[in-house]
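Here's the structure, in structure tokens; my notes come after.
The values are calculated or read from the model by the stated rules, or taken from the named source; none is laboratory data. Remember, predicted model here, so these are calculated numbers, not experimental data. Cβ placement follows ideal geometry from the backbone for every residue including glycine, while neighbour counts extend to all protein chains displayed. Just so you know, the surface numbers come from the protein's heavy atoms only, side chains and all, with ligands and any DNA or RNA stripped out. Shrake-Rupley method; radii C 1.70, N 1.55, O 1.52, S 1.80 Å.
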Amino acid sequence: MWNYNFIPPYFIILVTFLIYYFFQPRLPVKLNKSFLGIIIVDLLVVFTDLAASLSLDYLADSSVFYLKTINIVFFFFFHLRSFLFFLFTQSVMGAGYRRRSFSNESLSLIFIVSEGFVFLNFFFPTIFSVSDEGKYSYGPFYNVIYICAFFYIIMSFLIIYTFRKQRKPRTVLAISAVNFAMLVGYIVRIIFPKYLVMSLFCLTAIIIIYLSFENPTIYLSGKGKAFNKKALYNVLEETGEKESPLVLGFILHNYNEMREIYGGAQMDKGVEMIDDFLAKKYPKLLRFYLRDGRFVLVGKDNSLLESVREEIKTRFTQPWYGDEDVDLYLEVGFAQLDHGLYIEKSDLIVRSILEGLREAESLDNSCVTIGTDTIKQIERNTYVKQAVEHAVESNQVELYFQPLMDAHTHKIVGAEALARIRDMNGSIIPPGEFIPIAETNGKINHLGQQMFEHACQFISTHNLDEAGISWINVNLSPIQFLRSDLNSRFMAILEKYKVPAEKIHLEITEESMIDYALLQKQIQSMRRSGFQFVLDDYGCGYSNVSRLKRCPFINVKLDMEIVLDYFRDRDKILPTLVQTFKEMNFTVTAEGVETLEIAEAMRDIGCNFLQGFYFSKPLPAEEFAKKYFTQA
């Protein structure tokens with residue numbers, strides 16, 4: 001007799017999963033379709049396994065034809081279940097629609113051959129045999145069912161290993177656990193053939209799938225029934241190399257300000273009303289809400305894009321009616337995928353959409369088109385980000401110097417320490433590219449500290465006085481300047497290299513002056529340790545002379561743009577500004593000095609120091625030392 005204890009609860013749980021599947025919003029992607037197939041086929045496996053086992057226990061009541069048929073149907077679904085778990089693994093790892101795809105044709109052939117052995121059992125005893133007396137026994141090819149099952153599990157683990165770096169570790173761990181549960185189930189079935197216990201391991205695998213990949217809350221935004229960013233990744237990734245779909249995003253202008261004006265509850269209600277409008281107006285389009293007032297619609301027919309955008313634009317000319325007779329007046333900007341643009345990397349497309357929406361936020365009902373140029377820029381930013389992370393983590397940020405010259409004698413009096421980073425090919429990445437990226441990915445603090453330490457190390461091994469150099473300027477990012485432990489960190493480095501603080505001048509930009517109270521607190525703390533501060537890039541930010549008057553800077557550096565503007569069209573504004581700074585006891589440095597004429601003009605209006613390509617481009621620390629210290 002067979003043991004049926006596991007069957008009733010297993011059947012109930014599978015039916016519960018099936019009911020929840022159809023009553024929850026689902027993405028129309030292979031992942032979900034594979035999961036649905038697994039549940040249905042597993043129900044059929046359980047049903048036919050039960051029927052086949054009961055028929056064997058009660059042979060007298062079963063015909064030979066029925067016994068053959070029910071067992072063949074069972075083994076058919078048994079094979080199909082193994083194949084569907086394999087297809088689900090493919091979907092999770094993205095192996096089924098990537099260029100580095102395993103050959104589905106050859107892999108499917110194993111399944112077809114195995115099923116062939118099953119159906120041959122109608123004519124020959126391949127998998128099993130049933131005598132005229134109703135006696136059941138294994139056939140000569142019975143182990144084909146296990147060979148097929150183990151083959152697909154091995155291929156699943158191979159796919160997991162191959163594509164592991166393209167998925168998050170928890171995703172790899174979860175899908176590995178699914179396949180491991182199935183592997184143990186097959187082994188247990190071989191060892192204990194009289195117990196229908198393999199269902200327990202299949203159920204374990206299905207529960208892991210549900211919790212890790214199929215739980216609807218993972219993919220819902222929480223606003224209406226729109227999906228979230230994770231769901232958008234999955235949909236666009238599965239689009240693969242198909243023709244460009246309809247991808248239209250729009251963003252609510254000044255979303256955070258609108259939340260303050262109308263209140264959070266009213267704006268949440270407004271977002272839900274927008275989602276409800278989109279659901280009713282465009283039932284065939286997938287809706288995604290990416291938070292902060294950002295919506296994305298995805299569909300198959302790109303030709304509808306213009307009409308959909310115009311209809312949404314028209315709807316936003318009318319108010320959205322909130323609770324308590326509150327009318328929400330909202331404006332939007334649009335970003336759309338260029339027609340004919342093919343999707344190869346879903347993460348790249350999503351980042352491009354987000355970048356397009358950021359740009360569209362400041363546009364009144366206008367549309368930003370995401371084309372190949374946008375994609376290339378995003379790819380370039382990713383490349384630079386990787387270079388920054390590698391340079392910082394491996395301590396390979398390079399130290400360069402650009403000399404600061406006396407405006408009258410044109411002799412070196414100081415130098416500015418500059419960070420340089422190389423890409424994977426050894427080429428220098430411009431600071432204008434890598435500094436903003438380092439600030440956004442959180443590497444700027446480590447980068448800035450490395451630069452400060454490199455500068456201190458250079459000072460400790462070179463006699464600055466012999467070269468006529470009185471100080472070295474080191475830049476501080478506004479983000480780095482916010483650190484409460486900045487002073488203690490820098491002091492520890494100074495002590496390590498025995499460098500006096502007065503040899504270091506710290507440059508901060510006008511952006512650091514937005515939080516004036518913090519600025520004052522940080523500067524006063526570090527001045528007590530001996531540091532001196534320079535205001536960099538004056539003229540391109542937020543400061544004014546009145547605010548500068550209360551700041552303990554020793555030097556103001558004029559941004560190269562206002563220097564060049566003065567040289568092209570001379571007026572009294574810049575000379576007056578320079579004289580004002582000097583009356584406030586600031587020295588003045590002119591940046592962007594590219595010719596002798598500019599150098600003389602800046603000297604004549606009262607600048608103390610000059611910096612620019614006329615004197616020297618930024619030089620590697622070794623080359624700088626060889627040039628200026630050898631002369632000394």
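Scan region 450-465 and report the pairs whose first residue is in contact (Cβ under 8 Å) with a residue 12 or more places away in the chain and whose second residue is in a loop (DSSP other than H, G, I, E, B) and open to solvent by less than 60 Å² (accessible area, probe 1.4 Å), with Cβ atoms within less than 6 Å and a gap of 6+ or a chain change. Taking only residues 6 or more apart or on different chains, the pairs are Gln450/Val397; Cys456/Val499; Ile459/Val499; Ser460/Val499.
Looking only at residues in region 493-525 that are touching a Cys at 6+ places or on another chain (Cβ under 8 Å) and within 17 Å of Lys549 (Cα to Cα), the one that is modelled with the lowest pLDDT is Met513. If you go through region 493-505 and keep only what is surrounded by fewer than 14 Cβ atoms within 10 Å (Cβ to Cβ) and outside any helix (DSSP H, G or I), you end up with Lys498, Pro500. Listed here are the helices (runs of 4 or more DSSP H) enclosed by region 423-492 that have at least 2 residues being at negative phi and modelled with pLDDT of 95 or more: 444-461.
Would you confirm whether any residue within region 274-286 is more than 25 Å from His339 (Cβ to Cβ), free of Cβ contacts under 8 Å to residues at least 24 places away in the same chain, over 27 Å from the mean Cα position of the chain (by Cα) and surrounded by fewer than 19 Cβ atoms within 10 Å (Cβ to Cβ)? For region 274-286, residues more than 25 Å from His339 (Cβ to Cβ), free of Cβ contacts under 8 Å to residues at least 24 places away in the same chain, over 27 Å from the mean Cα position of the chain (by Cα) and surrounded by fewer than 19 Cβ atoms within 10 Å (Cβ to Cβ): present. State which residue pairs qualify: first residue under 15 Å from Glu115 (Cα atoms) and in a strand (DSSP E or B) and inside region 128-153, second residue open to solvent by 20 Å² or more (accessible area, probe 1.4 Å) and polar (S, T, N, Q) in any location, beta carbons under 7 Å apart, and separation of 6 or more residues or different chains. Pairs that qualify, where the first residue is under 15 Å from Glu115 (Cα atoms) and in a strand (DSSP E or B) and the partner is open to solvent by 20 Å² or more (accessible area, probe 1.4 Å) and polar (S, T, N, Q), are Phe128/Ser137. Suppose the filter is of a type outside the set (D, E, K, R) and either over 23 Å from Arg528 (Cα atoms) or without any contact (Cβ under 8 Å) to a residue 12 or more places away in the chain (or both); does Pro403 pass it? Yes; evaluated as a whole, the condition is true for this residue. Pairs under 8 Å by beta carbon, first residue surrounded by fewer than 21 Cβ atoms within 10 Å (Cβ to Cβ) in region 506-527, partner modelled with pLDDT of 75 or more and among the basic types (Lys, Arg), six or more apart or different chains? Within 8 Å, the pairs are Glu507/Lys557. Here Leu328 does not fit the description of being in contact with a Pro (Cβ under 9 Å, 6 or more places away or on another chain), crowded, with 21+ Cβ neighbours inside 10 Å and touching a residue at least 24 places away in the same chain (Cβ under 8 Å). Selection within region 9-18: residues that are modelled with pLDDT of 85 or more and open to solvent by less than 90 Å² (accessible area, probe 1.4 Å). The member of this set that is nearest to Phe213 (Cα to Cα) is Phe17. Looking for something modelled with pLDDT of 80 or more and open to solvent by 10 Å² or more (accessible area, probe 1.4 Å) - is there at least one such residue anywhere in region 51-59? Yes, because at least one residue in region 51-59 is modelled with pLDDT of 80 or more and open to solvent by 10 Å² or more (accessible area, probe 1.4 Å). One residue stands out among those in region 356-369 that are open to solvent by 40 Å² or more (accessible area, probe 1.4 Å) and in a strand (DSSP E or B): the one that is nearest to Gly442 (Cα to Cα), which is Thr369. Within region 578-614, being touching a residue at least 12 places away in the same chain (Cβ under 8 Å), of a type outside the set (Gly, Ala, Ser) and in a helix (DSSP H, G or I) holds for Val578, Gln579, Thr580, Phe581, Lys582, Leu596, Glu597, Ile598, Met602, Arg603.
Quick one: in region 370-382, of everything that is under 13 Å from the mean Cα position of the chain (by Cα) and of a type outside the set (Asp, Glu), which residue is most open to solvent (accessible area, probe 1.4 Å)? Selected residue: Asn381. Counting the residues of region 134-146 that are open to solvent by 40 Å² or more (accessible area, probe 1.4 Å) and in contact with a helix residue (DSSP H, G or I) (Cβ under 8 Å, 6 or more places away or on another chain) gives 3.
Within this structure, Arg291 fails the test of being in a strand (DSSP E or B) and either open to solvent by 50 Å² or more (accessible area, probe 1.4 Å) or charged (D, E, K, R) (or both). Identification of helices (runs of 4 or more DSSP H) wholly contained in region 154-255 with 3 or more residues that are of a type in the set (A, V, I, L, M) and open to solvent by 60 Å² or more (accessible area, probe 1.4 Å) yields 169-191. Check region 472-479 and report whether any residue there is open to solvent by 50 Å² or more (accessible area, probe 1.4 Å) and touching a helix residue (DSSP H, G or I) at 6+ places or on another chain (Cβ under 6 Å). Checking region 472-479: at least one residue is open to solvent by 50 Å² or more (accessible area, probe 1.4 Å) and touching a helix residue (DSSP H, G or I) at 6+ places or on another chain (Cβ under 6 Å).
Considering only residues in region 546-577 that are assigned to a loop (DSSP other than H, G, I, E, B) and open to solvent by less than 80 Å² (accessible area, probe 1.4 Å), the one that is modelled with the lowest pLDDT turns out to be Cys551. For the structure I just gave you, tell me whether Lys617 is free of Cβ contacts under 8 Å to residues at least 40 places away in the same chain and either assigned to a loop (DSSP other than H, G, I, E, B) or charged (D, E, K, R) (or both). Here the answer is no, as Lys617 does not meet what is asked.
When we screen Ile312, Ile378, Ile343, Ile274 for residues that are modelled with pLDDT under 90 and in a helix (DSSP H, G or I), the only hit is Ile378.
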